[in-house]
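> This is the structure, below, for whatever I ask next.
The values are calculated or read from the model by the stated rules, or taken from the named source; none is laboratory data. Model, not experiment: these values are computed from the prediction. Positions of Cβ are generated from backbone atoms using ideal geometry, with glycine treated the same way; all protein chains shown enter the neighbour counts.
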Amino acid sequence: MNKRDYLVKTFSRTKRKDYENYILTAIWHKLDNIDIKPVSQQYVKRENGTHALMDLYFPQLHIGVEVDEAYHQSNELADNLRMDDIISAVSEEAIEDFLCMRIDATQSIEEINNRVEDIVEVIQERAAVASMKWYTYEEELEQLKQKEYLSIYDDVSFMNIKDIANTLFGKNAKAYQKSYFRIKDKMWLWCPKLSIVINGETKSMAGGWINFLGQDWSYIDESHQDQQIVEARKVSYQNEINQSSKRAVFAKYKDNLGFNRYRFVGIFKCIGPSPKGENLIRYIRVEDKLNLQKVIL
């Protein structure tokens, strides 16, 4: 997607929110710098474990803007976030210079414009001393090949499983139909489509498989709607434990523009039945980094 199409799609997400749309587009146009990449409706994981919504986020500068409108000025973010939002959230604790600025949409137009000017000035000051290259997806993949490791805190996502395998694991595939396969020795690649919870009930999003990721990404509980498959997995998971197998997990989700993406959520190993139920198999995160130098073939 080129810059023009990206920008149109990004700001179109606020077109039904009149005050927010006015403020965010005012900030963007006053910046007058098309090398700065904006992201709308970006969730951020706070250091205390809660989540906040940045109406506008600049990933190159680690700056977020929250617009306070009358109808939600005193309301906290709902606890029941979509799993997609949780996975795609930026981690505030991993960014030393993270800055969040707020603007009150209930003020007069003069006060709003003055606050917009203040925010623009801060963004421009940080942009003046930062690297402002807006990398294409292909350039981002090439950069990853030069890194020593990939962390769960890195704001990196992949369009498909092929790109994960080829970029991080030295494969040369044209496509992958499976979401789970061996990479090397005892390391497996697992790209699950995570389940969602509706009215307290976990729903499958992929062929009957139920894959629930804890909000802190510390564990995954796996099951299936078919009881025969559940019983078969109770036998096969023991092999994973005996062989000390590990899974490099890239969870599938939809990004803020609605496209399917995959994000690294850690390296997991099976420990057996979940404390939440005997039909659930629990995987716990044992590493939050993937050492790329060791896995490249």
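> Output yes when any residue across the stretch 167-174 is under 16 Å from the mean Cα position of the chain (by Cα), in a loop (DSSP other than H, G, I, E, B) and assigned by TED's automatic domain parsing to the domain that holds residue 259, and no when none is.
Within the stretch 167-174 (the criterion being under 16 Å from the mean Cα position of the chain (by Cα), in a loop (DSSP other than H, G, I, E, B) and assigned by TED's automatic domain parsing to the domain that holds residue 259), the answer is no, since none of the residues qualifies.
> Related question: Taking the stretch 1-27 only, how many residues are closer than 18 Å to residue 256 by Cα, of a type outside the set (D, E, K, R) and touching a strand residue (DSSP E or B) at 6+ places or on another chain (Cβ under 8 Å)?
4
> Also, quick follow-up: Could you say whether any residue in the stretch 225-239 is among the small types (Gly, Ala, Ser) and surrounded by 14 or more Cβ atoms within 10 Å (Cβ to Cβ)?
The answer is no, given that none of the residues of the stretch 225-239 is among the small types (Gly, Ala, Ser) and surrounded by 14 or more Cβ atoms within 10 Å (Cβ to Cβ).
> Among the residues of the stretch 209-236 satisfying the criterion of being part of a helix (DSSP H, G or I) and aliphatic (A, V, I, L, M), which is nearest to residue 50 (Cα to Cα)?
230
> Residue 207 - would you say it is without any contact (Cβ under 8 Å) to a residue 40 or more places away in the chain and either assigned by TED's automatic domain parsing to the domain that holds residue 43 or closer than 23 Å to residue 158 by Cα (or both)? Spell out how you get there, then give the answer.
Details: without any contact (Cβ under 8 Å) to a residue 40 or more places away in the chain: yes; either assigned by TED's automatic domain parsing to the domain that holds residue 43 or closer than 23 Å to residue 158 by Cα (or both): yes.
When the stated conditions are applied, residue 207 passes them.
> Test residue 240 against the stated conditions and say whether it is of a type outside the set (A, V, I, L, M), in contact (Cβ under 8 Å) with a residue 60 or more places away in the chain and in the same structural domain as residue 194 (by TED's automatic domain parsing).
no
> Quick test of your reading of the structure: residue 233 fulfils all but one of (1) at pLDDT below 95; (2) farther than 21 Å from residue 201 by Cβ. Name the failing condition by number.
(2)
> Could you figure out which of (1) within 25 Å of residue 62 (Cα to Cα); (2) touching a strand residue (DSSP E or B) at 6+ places or on another chain (Cβ under 7 Å) isn't true of residue 117?
Of (1) within 25 Å of residue 62 (Cα to Cα); (2) touching a strand residue (DSSP E or B) at 6+ places or on another chain (Cβ under 7 Å), only one is false for residue 117: (2).
> Would you pick out the residues in the stretch 114-147 that are among the aliphatic types (A, V, I, L, M), in a helix (DSSP H, G or I) and more than 22 Å from residue 1 (Cα to Cα)?
Correct list: 116, 119, 120, 122, 123, 127.
> Across the stretch 237-252, what is the number of residues that are outside any strand (DSSP E or B) and in contact with a helix residue (DSSP H, G or I) (Cβ under 9 Å, 6 or more places away or on another chain)?
Total meeting the criteria: 1.
> Can you name the residue in the stretch 1-27 that is crowded, with 19+ Cβ neighbours inside 10 Å and not aliphatic (A, V, I, L, M) and is also farthest from the chain's Cα centre (by Cα) among such residues?
That would be 20.
> Still on this model: Can you run down the residue pairs with Cβ atoms below 6 Å, 6 or more apart or on separate chains, where the first is in the stretch 135-150 and farther than 10 Å from residue 167 by Cβ and the partner is loosely packed, with under 11 Cβ neighbours inside 10 Å?
148/293
> A further question follows. Only residues that are surrounded by fewer than 18 Cβ atoms within 10 Å (Cβ to Cβ), out of contact with any helix residue (DSSP H, G or I) (no Cβ under 9 Å at 6 or more places or on another chain) and over 30 Å from residue 98 (Cβ atoms): list them for the stretch 142-176, please.
Across the stretch 142-176, the qualifying residue is only 162.
Yes/no matrix, rows are residues, columns are (1) at pLDDT below 90; (2) surrounded by 18 or more Cβ atoms within 10 Å (Cβ to Cβ):
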| position | (1), (2) |
| --- | --- |
| 48 | yes, no |
| 56 | no, yes |
| 63 | no, yes |
| 67 | no, yes |
| 72 | yes, no |
| 79 | yes, no |
| 84 | yes, yes |
| 89 | yes, yes |
